[in-house]
2 protein chains.
Amino acid sequence: MTTKRNRGGDAVSNLLLATFKLNGAFLAAGDKISAPSGLTSARWQVLGTLMWDDMTVSGIAREMGLSRQAVQRIANVLAKENLITFLDNPNDKRAKLASATDEGRKAIQSLAERQHAWANATATGIDPAEIERAVEVMKKVLVASK
Amino acid sequence: MTTKRNRGGDAVSNLLLATFKLNGAFLAAGDKISAPSGLTSARWQVLGTLMWDDMTVSGIAREMGLSRQAVQRIANVLAKENLITFLDNPNDKRAKLASATDEGRKAIQSLAERQHAWANATATGIDPAEIERAVEVMKKVLVASK
DNA sequence: TAAATAATGACAATATATTGTCAATAAGGT
DNA sequence: ACCTTATTGACAATATATTGTCATTATTTA
């Protein structure tokens, strides 16, 4: 006797497909939005994380849900482009603090306008509460999927 | 005067972050599920698309929302591993039909049990209707984001 | 039917991301 | 203090995915 998916299992499977597609679409949109600033979705995300707080690479990875090494690679690229710098971390000799430079902050700020316009446009015609509920469900599934 | 994100725009931005994280978690889960069959998330997805219908590489890409070349690469790998074959397509001399071999079908079937168990387990404790609503919202956003 | 346009796979370059290993450092438990 | 365990960045190998170009084949349009 084989295990069958129940209604919940089917729903999760459909959520999986929807997530893959939406992920691709969001990445494409992000690349379009960030291209004029010389960035990409991935670099924008890492740089954006550093807008308010200096953080270690490992910390960024945890916050973003990516592997440490993926973020490390991006951070090294950003450092080479002088969008971030690494500051000594008094709390850990290994893990320096990544910190956005003025140039990096400018790059992010120049994106904000386009990002806001895109996000607002994308949301038009959809009940915001609906989207917020969807996000809550996704967070639940995220925890349960592990 | 700069454009500010409204509630909908904020919601879409949060959806974006949730989508990225869930995408990563689903890929990790998929790799775990498919590893015992010698597959990965990506290969499983392409192979799975061919369970019922033979399709061209371009067709698979459209269905999956990936680039043509990404699917082409995976399909070539699957062909090399004898999990799919390319059949002549009477309708198009360029685009052969990718078709799952018996070996490929067996690989997918051996995954089904584990996938069902995972999907059911992931869904437990969450109202299926909630997940279904979330999927509908994501589809709406997918269309709007382009 | 002829010509313009689009779709397709091959090929290549590049970006993104995971996994694994290693040595250095940190953190926790005894 | 000591020892075990965990975290971290460097390095490397590999998988995933996009973008661009090209020649070939299909499709649409005039």
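What to note about this one:
- Helices (runs of 4 or more DSSP H) contained entirely in segment A:45-146, each with at least 3 residues that are more than 30 Å from B:Val137 (Cα to Cα): A:57-64, A:68-80, A:102-123
- Criterion violated by A:Asn91 - all others in (1) modelled with pLDDT under 95; (2) more than 16 Å from DNA strand D (Cβ to nearest atom); (3) exposed (fewer than 15 other Cβ atoms within 10 Å of the Cβ) satisfied: (2)
- Filter result for B:Ile108 (open to solvent by less than 30 Å² (accessible area, probe 1.4 Å) and within 11 Å of DNA strand D (Cβ to nearest atom)): no
- Boolean, A:Arg68 is within 16 Å of DNA strand D (Cβ to nearest atom), farther than 16 Å from B:Leu15 by Cβ, within 14 Å of chain B (Cβ to nearest Cβ) and of a type outside the set (Ser, Thr, Tyr): yes
- Taken together, the residues in segment B:113-146 that are under 24 Å from B:Thr40 (Cβ atoms), more than 7 Å from chain A (Cβ to nearest Cβ) and free of Cβ contacts under 8 Å to residues at least 60 places away in the same chain amount to 1.
- Hits in segment B:90-135 (condition: farther than 28 Å from B:Pro36 by Cβ, touching a helix residue (DSSP H, G or I) at 6+ places or on another chain (Cβ under 7 Å) and among the small types (Gly, Ala, Ser)): B:Ala95, B:Ala134
The values are calculated or read from the model by the stated rules, or taken from the named source; none is laboratory data. What you see is a predicted model, and the numbers here were worked out from it, not measured in a lab. All Cβ positions, glycine included, derive from the backbone under ideal geometry; neighbour counts span all protein chains shown. Heavy atoms of the whole protein, side chains included, go into the accessibility calculation; ligands, DNA and RNA do not. Shrake-Rupley method; radii C 1.70, N 1.55, O 1.52, S 1.80 Å.
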